[in-house]
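Scroll down for the structure; my scribbles are underneath it.
Coordinate-derived values only; no laboratory data. Worth saying up front: this structure is predicted, and the values here are computed from it rather than measured. Because the Cβ atoms are built from the backbone with ideal geometry, glycine has one as well, and the counts that use them run over all protein chains shown.
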Amino acid sequence: MSSPLAAASEKLSAPAPHEHAHISSPYTDFFTNLVHPVAQPLAATFERFHNFKEYYGLVQPGTVEGLTRDVNNTLMSNYFFEGARADLSKVVSPNPAFQITHSFQLGQKSNYTLGTVFANANTFLHGQWDPSTGGVNMRANQTWSASDITKIQGQLSSTPGQTMFQIEHDHIGPHYSLNLKSINPSPLDGTGLHFVSLIHSVSPRLALGFESIIQRTTPNDFIPATSYLLKYTSSPDAATKAESLLPPAPGTAAVPTAPFTPSWAATAQLQPSGNIQATYFHKLSDKVDVALDLQTMIQPASFMGPAKRDALASLGAKYEFRMATFRGQIDSAGKVGMLLEQRFTPAFAFLVGGEIDHAKNTSRFGVGVMIESSTMTPEEMVAAGMIPPQ
């Protein structure tokens with residue numbers, strides 16, 4: 001496969017059409033002779049580098065945002081809630097997907113939210129409204145091609161400083177992922193919080209990357225900070241390597257290139273403050289996942305307080321049963337917790353969870369229900385895959 005630079009060089013080297021030879025040929029030849037000595041070595045170098053990566057078996061490493069996604073999906077602390085909760089959802093249409101959700105929560109903070117979801121092959125829209133505060137949240141994802149997706153998030157709030165707008169773009173290459181993101185950007189003076197992140201495979205098992213943050217509260221401010229990333233995984237099998245080299249099938253929906261899914265993965269992130277976050281995820285079987293998260297908290301002495309050196313390690317496991325999901329977690333601070341999601345029918349689920357803090361001698365508990373209803377007939381639900389056939 002020829003590279004873009006090689007194609008451009010060949011195009012420049014092509015002779016001009018005969019009918020315009022007496023006008024454009026001298027100028028074309030001059031420009032070609034001028035550019036060719038520079039374009040040809042660059043094109044050849046790019047081609048050799050691309051072929052080397054393909055021969056070495058590099059895979060798609062995933063995005064920086066998804067670096068710890070498997071760990072977060074396993075740990076209970078990301079799903080735990082306190083008090084009572086009820087989610088009532090109604091599926092209006094399966095394709096394109098349109099769903100309305102009413103969420104109720106009782107506890108230290110009681111509230112009600114109304115949410116809607118619309119999705120098709122390339123577009124995802126989500127909105128949420130909180131009548132008690134008047135706050136509105138929205139999220140939109142648009143997939144342009146197999147390697148490009150744009151995401152927009154917004155939040156409107158009556159509380160000062162809580163209104164937010166965020167726009168980002170993901171470009172997913174065969175062996176790398178690039179993300180550009182801005183929070184509350186101002187196109188007039190360039191203020192805002194800007195992120196640039198890149199992760200690239202350097203071997204079939206190792207990927208390295210960085211995430212740079214540029215903070216500009218005023219046009220004269222320029223405060224950069226860079227984190228360094230590492231991801232080390234199990235070896236991909238031959239089928240995964242072959243699949244990563246295949247182009248998208250013609251006629252299929254345009255979705256970003258799927259990253260390699262390892263049986264285990266270890267990640268590390270060195271933050272600008274000197275803190276380190278390290279994670280480990282292992283898929284023991286199709287039904288059992290385990291995850292470990294370690295975070296250091298190093299704070300030098302300052303006017304805000306004395307020096308602090310601390311660390312927190314969390315170990316969790318997730319068990320997938322036929323109609324239930326169980327998560328358990330323990331950490332070095334003395335907390336032990338569990339969360340059970342029991343689905344009695346495809347449309348009804350019961351949740352119960354608890355957490356005990358032995359160091360502080362406190363506890364928290366939560367119960368909830370999730371109910372889904374649909375305007376479709378049972379035959380339509382079976383055809384859509386929402387319920388198993390009888």
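Contact order normalised by length for the range 297-375, with contacts defined as Cα pairs under 8 Å and 6 or more residues apart; what percent is it? Computed value for the range 297-375: 18 percent relative contact order.
Close amide H contacts of A333 (hydrogens built in the peptide plane, cut-off under 5 Å, sequence separation of 5 or more or a different chain): A313.
Ranked by the mean number of other Cβ atoms within 10 Å per residue, highest first, peptides 100-108, 169-177 order as 169-177, 100-108. The phi torsions of the range 170-187, fed into the Karplus equation with coefficients 6.51, -1.76 and 1.60 and a -60° offset, translate into couplings of 10, 10, 10, x, x, 10, 8, 9, 10, 10, 10, 9, 9, 10, 6, x, 10, x Hz, rounded to whole numbers, with Gly and Pro shown as x.
Sequence-ordered 3J(HN,Hα) estimates for the range 222-227 from the Karplus curve with 6.51, -1.76 and 1.60 and θ = phi - 60° stand at 8, 10, x, 8, 10, 10 Hz, glycine and proline given as x. Each peptide in 70-78, 91-99 receives the mean, over its residues, of other Cβ atoms within 10 Å, and ordering these scores from highest gives 70-78, 91-99. Simple spin-label estimate for K360 and N184 gives 2.9 nm between the two label positions (7 Å along the Cα-to-Cβ direction from each Cα).
Gain on full extension, evaluated as 0.36 nm per residue between T226 and A84 minus their Cα-Cα distance, stands at 47.1 nm.
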